[in-house]
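I have placed the structure first, in the form of structure tokens, so that the comments after it can refer back to it.
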Amino acid sequence: MSYGRGATRRRALKLLCAAVALPGRPSAAGQSVPPFAPVLPGVALRFPQDHGAHPQFGLEWWYVTGWLDWQSPTPLGFQITFFRTRPAVQEDNPSAFAPRQLLIAHCALSDPIRGRLWQDQRIRRAGLGLAEAESGDTSVWIDDWRLERQDGNFSARLVAADFALELTLEPTQAPLLQGIDGFSQKAAAPREASYYYSLPHLKVRGAITRDARRERVTGEAWLDHEWSSAYLDSQAQGWDWTALNLDDGGAVMAFRIRSRVGDTLWAGGSLRTVEGKVQTLQPADVQFSPGRQWRSRRTATSYPVAWVVRAGPRLLALEPLLDDQENDTRLTTGAVYWEGAVRAHEDGREVGRGYLELTGYGAPLALP
């Protein structure tokens, strides 16, 4: 079930999110908890093992974004995210109720006909048959919300408050290792980094249900999987990120970490051609130039929803599928951010589709 908006639940969720430990941080009882595993360069990613969870690290997410075609000429965007966090709990705590891992999930549909997102969210402690993120391969779930990998394909099934998704995601390309062989730096200090790989050009088929009407869909998606123990510099306000499936079979990912005054603290990304040649983008290779602004009537936050992104030799103009793709997840992560489907243009023609994420525009981002 989804959480309601009661004040008691909001206070409980804030306490849960505040419980996530930094390496070596004392628990609420004042006892020292084991430090998180560090992210180090030179560690080879292994598959299928690294499709699964890494509970020794502080934070992890499986992030699926994509475009769906259905009977209407107007496409839809979709986002499915599962987060795993490790709270400050003694590992030898014998209680079955001790929250050794917390699971959070978000899902959203970008619907131009509706004019804003359909969205929902959940949070649970792992275990007790309620939620889990399993190691060895992708199997992460909260109640009847599931993202799993079997026989080489991913499946996502989520019954939300106002809609449902039943999707099969079929890889068509090998994993794209971000950064240096999967070690993705997020700041000048190598400590702020993640292990990070992507699966672009996932072939999507399945169904969506809205207003008690089930409709078949097809499309294309992108999956990101990251795990880290120290992701953001303390001076970071948030980030801008985009991932694009190009029409020619290539793929682009670009991001920048913004400071509290709007400067770029760090940037990076990757380009992969349809032939499989990969260029790892350094901070000097990436530039985000904001364009048109959209202001939310719900939160009064302004977001630059149109961009020109330089990613190495590519200069890509991004335009949103619809302006209002603000995602309010204050009941689970405490964050409000903009996450939406975008079209990419180059030299005046459309060259791809993907997603854009804008965090930290209303308040500094605090990771769950």
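Assorted remarks:
- Filtered residue count, the range 310-368, keeping only those that are in contact with an Asp or Glu (Cβ under 6 Å, 6 or more places away or on another chain) and among the basic types (Lys, Arg): 1
- The single condition among (1) touching a residue at least 40 places away in the same chain (Cβ under 8 Å); (2) out of contact with any helix residue (DSSP H, G or I) (no Cβ under 7 Å at 6 or more places or on another chain) that GLY136 does not meet is (2).
- Residue list for the range 124-142, filter: assigned to a loop (DSSP other than H, G, I, E, B), surrounded by fewer than 21 Cβ atoms within 10 Å (Cβ to Cβ) and among the polar types (S, T, N, Q): SER135
- Leading residue by the ranking (farthest from the chain's Cα centre (by Cα)) among those in the range 294-334 that are among the basic types (Lys, Arg) and assigned to a loop (DSSP other than H, G, I, E, B): ARG297
- Close pairs from the range 339-351: first free of Cβ contacts under 8 Å to residues at least 12 places away in the same chain, partner among the aliphatic types (A, V, I, L, M) and surrounded by fewer than 23 Cβ atoms within 10 Å (Cβ to Cβ), Cβ under 9 Å, at least 6 apart: ASP347/LEU315; GLY348/ALA317
- Put simply, of TYR303, TYR337 the only residue that is touching a strand residue (DSSP E or B) at 6+ places or on another chain (Cβ under 7 Å), buried (at least 21 other Cβ atoms within 10 Å of the Cβ) and under 20 Å from GLU226 (Cα atoms) is TYR337.
- Within the range 265-278, being in contact (Cβ under 8 Å) with a residue 24 or more places away in the chain and crowded, with 16+ Cβ neighbours inside 10 Å holds for LEU265, TRP266, GLY268, GLY269, SER270, LEU271, ARG272.
- Cross-chain or 6+ apart pairs with Cβ under 6 Å, the range 305-328 first and acidic (Asp, Glu), then part of a loop (DSSP other than H, G, I, E, B): GLU319/ALA306; ASP323/VAL305; GLU326/SER296
- Test for GLN121: is it part of a strand (DSSP E or B) and among the polar types (S, T, N, Q): yes
- Selection of the range 143-159 for residues being farther than 16 Å from LEU202 by Cβ and surrounded by fewer than 21 Cβ atoms within 10 Å (Cβ to Cβ) yields ASP143, ASP144, ARG146, VAL159.
- Within the range 100-118, tally of residues that are assigned to a loop (DSSP other than H, G, I, E, B) and either without any contact (Cβ under 8 Å) to a residue 40 or more places away in the chain or farther than 16 Å from PHE82 by Cβ (or both): 5
- Once the range 183-207 is narrowed to residues that are part of a strand (DSSP E or B) and hydrophobic (A, V, I, L, M, F, W, C), the residue that is surrounded by the fewest Cβ atoms within 10 Å (Cβ to Cβ) is ALA207.
- Residue that is farthest from GLY268 (Cα to Cα), among those in the range 335-368 that are assigned to a loop (DSSP other than H, G, I, E, B) and within 15 Å of the chain's Cα centre (by Cα): PRO368
- Qualifying residue in the range 168-182 (condition: buried (at least 21 other Cβ atoms within 10 Å of the Cβ), over 17 Å from the mean Cα position of the chain (by Cα) and within 17 Å of LEU68 (Cβ to Cβ)): no
- Residue check, THR218 surrounded by fewer than 19 Cβ atoms within 10 Å (Cβ to Cβ) and touching a Lys or Arg at 6+ places or on another chain (Cβ under 6 Å): yes
- Once the range 259-273 is narrowed to residues that are aliphatic (A, V, I, L, M) and more than 16 Å from PRO175 (Cβ to Cβ), the residue that is modelled with the highest pLDDT is ALA267.
- Residue in the range 106-134 that is farthest from the chain's Cα centre (by Cα), counting only those that are acidic (Asp, Glu) and within 24 Å of ILE208 (Cα to Cα): ASP111
- Enumeration of residues in the range 245-264 that are in a strand (DSSP E or B) and either among the aromatic types (Phe, Trp, Tyr) or without any contact (Cβ under 8 Å) to a residue 24 or more places away in the chain (or both): PHE255
The values are calculated or read from the model by the stated rules, or taken from the named source; none is laboratory data. If you're wondering where the values come from, they're calculated on a predicted model, not measured in any experiment. We place every Cβ from the backbone using ideal geometry, glycine too, and count neighbours over all the protein chains shown.
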